[in-house]
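We did not get these values from a lab; they are worked out from the coordinates using the rules stated. Note that the structure is predicted; figures quoted are calculated from it, not measured. Because the Cβ atoms are built from the backbone with ideal geometry, glycine has one as well, and the counts that use them run over all protein chains shown.
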Amino acid sequence: MLITTGTVIGKYTILRQLGVGGMGAVYAANQDGLGRRVAIKVILPGLALDPRALREAEERFQREARTLAQLSDPNVVQIFDFGRHELHGQPFLYMVMEFIDGGSWDSLIGGHIKLGLPEHFAIARQAALGLAAAQDEKIYHRDVKPGNIMITRKGVVKVVDFGLSVDQANYQATGHQAKGTPPMMAPEVWEGQPSDQRTDIYALGVSLWQATTGKLPYTGTTLGEWMRHHCLTPIPHPVGLPANVTSVLQRMLAKHPEDRFQHHREVVEALDQLGTIPDLRPMVKSWFANPSVDQARLAKSIPAVDSSRPVNRRDRDAKGRGVIRLDEPIVIRIPIAAG
């Protein structure tokens, strides 16, 4: 069932599609009566899924909505509503979130607008504050990456897409899968150990490394390569960064969780010590004043969708071999170590 401009879902009228994935889509919509612009994320109606797969997808979707409802922080995307709707006899779930008028950190990395180190520190700092609010509620994101960190036109950073997130109590009860995006996944995830805030700190460190150096700390095309690098390859020395910045990054990327910062607010403090953290509004103003290919990319990424798909898609390399897409979250079904 196609959702198009003018489709009415509950109290909301669809304006346009913002993004689509294998199981979900996000639309810009107008909230009737209030005239408020919102983003609506849906599980696409009419999916040809077996009952178990559909049930699991809906459970993840509901879990994401409940997680967002627990969080009230300026650096976390806000949820307004959640419900079930039916179009032409096909029911589906939807959640209504704040509309983020801006773009992703990913769109800024290597893009048209060249940022200095302080601007990237400012983005990471606000993201860490949002993740700190989640940590305070014992919620762990588990898919922190530049594509899931948005910057509004007012210079406010928002952590989005909690589709893989889990709260501590639920994780202890059901933890039997390792989830994440391979270039960002901490060693303990690959090893089947439980995730916590330090896993998110690792992923934020990889994101900041990519933003400040222009490349990931490790490269790979298969799950085995990513696992080997994250678990065994010594942390590289980033080229061209000051020693104090290198020290922060290497601590965030420590192989053992106990060697990393233990709370996101410690990351905030470490970033504050690197120098003056700038206001992001002038950068954002310049960003949107210079139309470019970057903004076409950024517009499609608001907000991220379908992060909890249980089967990863594969691209093909020059020899036709399947390779893991760098931006694709995956689920690895492995036993979680006891303890």
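Tabulate in residue order the Karplus-calculated ³J(HN,Hα) for the stretch 243-250, using 6.51 cos²θ - 1.76 cosθ + 1.60 with θ = phi - 60°, rounded to whole Hz; enter x for Gly and Pro.
Coupling constants for the stretch 243-250: 4, 5, 5, 4, 4, 5, 4, 5 Hz.
Among the listed pairs 114/285; 145/179; 158/215; 158/255; 158/179, give every one whose C-alpha distance is greater than 18 Å.
Numbers: 114/285 13 Å; 145/179 13 Å; 158/215 23 Å; 158/255 27 Å; 158/179 21 Å.
Listed pairs above 18 Å: 158/215; 158/255; 158/179.
Could you give me the radius of gyration and the Dmax of the stretch 176-237, taking only the C-alpha atoms into account and expressing both in angstrom?
11.1, 35
Which percent of the Cα-Cα distances in the stretch 8-98 go past 17 Å?
Details: 2052 of 4095 pairs.
Within the stretch 8-98, distances greater than 17 Å cover 50 percent of Cα pairs.
For a protection proxy built on the mean count of beta-carbon atoms within 10 angstrom, sort 84-90, 245-251, 143-149 highest first, please. Could the numbers behind the result be given before it?
Numbers: 84-90: 12.0, 245-251: 18.6, 143-149: 25.9.
Descending packing order for the listed peptides: 143-149, 245-251, 84-90.
Can you tell me the alpha carbon radius of gyration of the stretch 214-254 divided by the globular rule-of-thumb value 2.2 N^0.38 Å? Show your work: numbers first, answer last.
Numbers: Rg = 11.2 Å, N = 41, 2.2 N^0.38 = 9.0 Å.
Ratio of Rg to 2.2 N^0.38 Å for the stretch 214-254: 1.25.
Based on alpha-carbon centroids, what's the gap between the stretch 7-33 and the stretch 94-171 in Å, whole number please?
Centre-to-centre distance over Cα atoms comes out at 21 Å.
Checking the a/c ratio against 1.5 first, then a/b against b/c, what shape does the Cα gyration tensor give for the stretch 82-207? It would help to have the intermediate numbers written out before the result.
Details: a/c = 1.94, a/b = 1.12, b/c = 1.73.
It is oblate, given that a/c is not under 1.5 and a/b is not larger than b/c.
Rounded to a whole number, what is D in µm²/s for the stretch 23-150 from Stokes-Einstein with the Kirkwood radius over alpha-carbon pairs (25 °C, 0.890 mPa s)? Don't skip to the end; give the middle numbers.
On the way: Rh = 16.6 Å.
The diffusion coefficient I find is 148 µm²/s.
Please list, or write none, the lysines whose alpha carbon is within less than 20 Å of the alpha carbon of residue 11, excluding same-chain residues fewer than 8 places away.
Candidates past the 8-residue exclusion: 41.
Roughly what would the spin-label model give for residue 269 and residue 222, points 7 Å off Cα along C-beta, in nm?
4.4
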